[in-house]
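Accompanying notes for the structure given below.
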Amino acid sequence: MKKIFLGIIVLLISVLAAHAAENEPPILKITLLNQNPSPARAGDTVEVRLRVENVGGGTVNNLELEMLQVYPFTVIDGQPLQKIGTLYAYQSNKNYVNVGYRLRIDKDAVKGKHELKVKHRHDNEDWVTSSFNIDVTSKEFAQIIYVDKAKLDPGKETEMKFTITNIGNAPLQNMVFSWSEPGGVILPVFSDDTKYIKYLNVRDSIELAYTVIADVNAKPGLYHLDLSLKYESTTDAASALIKTKAGIFVGGETDFDVAFSESSQGQTSLSVSNTGNNPALSVSVKIPEQSGFKIIGSTSAIVGNLDKGDYTIVSFQIVPNAMATSGPQSKQSSNNNLKVIIDYTDTTGERRSVEKNVAIQFKSSTDSQAPLQSGTKEKSFWQSNAFYASAIIIVLALVFVLYRKKGIFKKK
């Protein structure tokens with residue numbers, strides 16, 4: 001009898017338990033499984049994996065999960081809202097699902113823990129929000145954003161500055177900057193190519209100045225500089241290295257010397273020499289209109305190319321402008337300063353002009369004759385030394401003849 005009674009009690013308990021299980025509500029639990037990388041870096045992306053689990057006794061239907069895009073997180077490579085469907089009770093092997101999101105972190109996010117929020121609902125009930133902490137570290141990044149020189153003149157000392165800016169979100173320290181030109185055409189003087197920076201705060205910049213010189217015999221053209229910047233973050237001990245390149249042109253303008261060569265038979269010759277360190281292309285020489293001189297015929301001459309150190313001779317028919325001696329420009333004319341313009345193309349392809357003043361002297365066509373003194377007349381033959389010499393010779397001849405005749409008469 002007792003056994004029958006105990007059996008009835010067990011049966012009643014089982015029925016009650018089954019009934020309670022059938023009416024037990026579902027319970028959803030959301031867990032952050034991991035984030036990659038950890039910590040995540042501002043400006044980069046992070047992948048998070050969430051586990052959505054039904055730990056209750058009832059079934060979950062029409063389950064939806066949505067990632068809230070709250071600063072500094074933004075969902076990429078997918079939709080924030082995901083429809084999961086059905087999750088069975090905790091006794092089942094199908095009572096959970098893992099959901100992944102790929103997020104971008106705002107580049108200005110500060111270092112620390114940032115709240116990641118997700119919300120879920122099932123059976124069209126109200127949304128429920130869950131929160132998790134994501135570790136974010138600042139973005140450490142420096143950039144060489146400016147080189148103040150794009151062109152160097154060969155053989156000339158030039159100051160060149162590099163500007164380095166901290167464009168990250170964390171201070172930088174123990175920075176080492178260096179540069180080099182592989183061919184050795186461009187080198188620093190008065191220092192080596194390495195400079196040290198102890199500390200650089202966020203968004204601060206620093207200028208690093210060098211005195212450089214390009215080889216005087218360097219071939220004009222574009223040369224590249226290899227730039228290197230090594231730095232450490234104040235937030236961790238890891239170091240980073242930036243390697244980049246910058247272009248710099250060697251060449252450019254040149255200079256000329258113009259000298260008076262000679263003047264004869266109406267032609268005035270000028271010597272034009274390239275005294276700079278760069279070749280001059282498509283050189284032409286012209287005499288502009290000016291008050292002190294008059295040009296007969298062509299006013300320009302095409303020379304061609306002149307390498308550094310080369311020279312050429314150009315000639316023009318130049319005569320003094322007689323009217324200039326009575327005008328306000330008479331002083332310039334009396335100094336014989338001739339204005340000469342040299343047009344050429346430099347090694348960068350830019351057309352340039354150089355103006356020179358040249359002192360010239362005009363040679364008269366009668367310079368081989370003795371000039372007449374003002375207020376005197378040319379001497380006749382009878383007034384010349386030749387007349388007196390001839391007269392003396394004639395007198396001496398007569399004396400000699402008379403002397404001979406006198407001797408003859410005495411003998412007779």
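Values in this text are rule-based calculations from the coordinates and carry no lab data. Please read all numbers here as calculations on a predicted model, not as lab measurements. As a convention, Cβ positions derive from the backbone with ideal geometry for all residues, glycine included, and neighbour counts pool all protein chains shown.
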Worksheet entry | Sites Lys219 and Ile296, calculated FRET efficiency, Cβ-Cβ separation with R0 30 Å, nearest 0.05 | 0.10
Discussion item. My understanding is that a pair violates if its Cα-Cα distance is over 29 Å; which of Lys107/Lys151; Lys107/Lys149; Lys151/Lys356; Lys113/Lys243 do that in this structure?
Written reply: Lys107/Lys151; Lys107/Lys149; Lys113/Lys243
Item to complete: At a Cα cut-off below 13 Å, give the aspartates and glutamates reachable from Lys161, other chains included and same-chain residues fewer than 8 away excluded.
Response: Asp148, Asp193, Glu207
Response to the item:
Listed by chain and number, the residues whose amide H is under 5 Å from that of Asp310, excluding neighbours fewer than 5 places away on the same chain and using placed H, are Asn274
Worksheet item: So between Asp135 and Arg203, what do we pick up on full extension, going 0.36 nm a residue minus the alpha carbon distance?
Response: 22.2 nm
Worksheet item: Say each of Gln91 and Thr345 gets a label point 7 Å from the Cα, pointing the same way as Cα to Cβ; how far apart are those two points in nm?
Response: 9.3
Response to the item:
Footprinting proxy, Trp179, Trp127: sorted fewest to most Cβ within 10 Å, the residues are Trp127, Trp179
Item to complete: Could you pull out every residue, at least 5 positions away or on a different chain, whose amide H is within less than 5 Å of the one on Tyr146? Hs are placed 1.01 Å off N in the peptide plane, and Pro or chain starts have none.
Response: Thr163
Practice prompt. Quick one: which residues, 5 or more positions from Thr348 or on another chain, have an amide H under 5 Å from its amide H? H modelled 1.01 Å from N in the peptide plane, none for Pro or chain starts.
Written response: Gly252
Item to complete: Work out, step by step, the length gained on full extension between Val75 and Thr244: first 0.36 nm times the residue separation, then minus their alpha carbon distance; give nm to one decimal.
Response: 57.6 nm
Response to the item:
The FRET efficiency for Ser191 and Ile394, from their Cβ-Cβ distance with R0 = 56 Å and rounded to 0.05, is 0.05
Fill in: Phi-based couplings in Hz for the range 278-287 (Karplus 6.51, -1.76, 1.60; Gly and Pro marked x)
10, x, 10, 10, 6, 7, 9, 10, 9, 9
Worksheet item: Based on the Cβ-Cβ distance from Val110 to Arg49, what FRET efficiency comes out when R0 is 22 Å, to the nearest 0.05?
Response: 0.35
Discussion item. For the pair Lys117/Asp307, report the inter-label distance in nm, with labels modelled 7 Å from Cα in the Cβ direction.
Written reply: 7.7
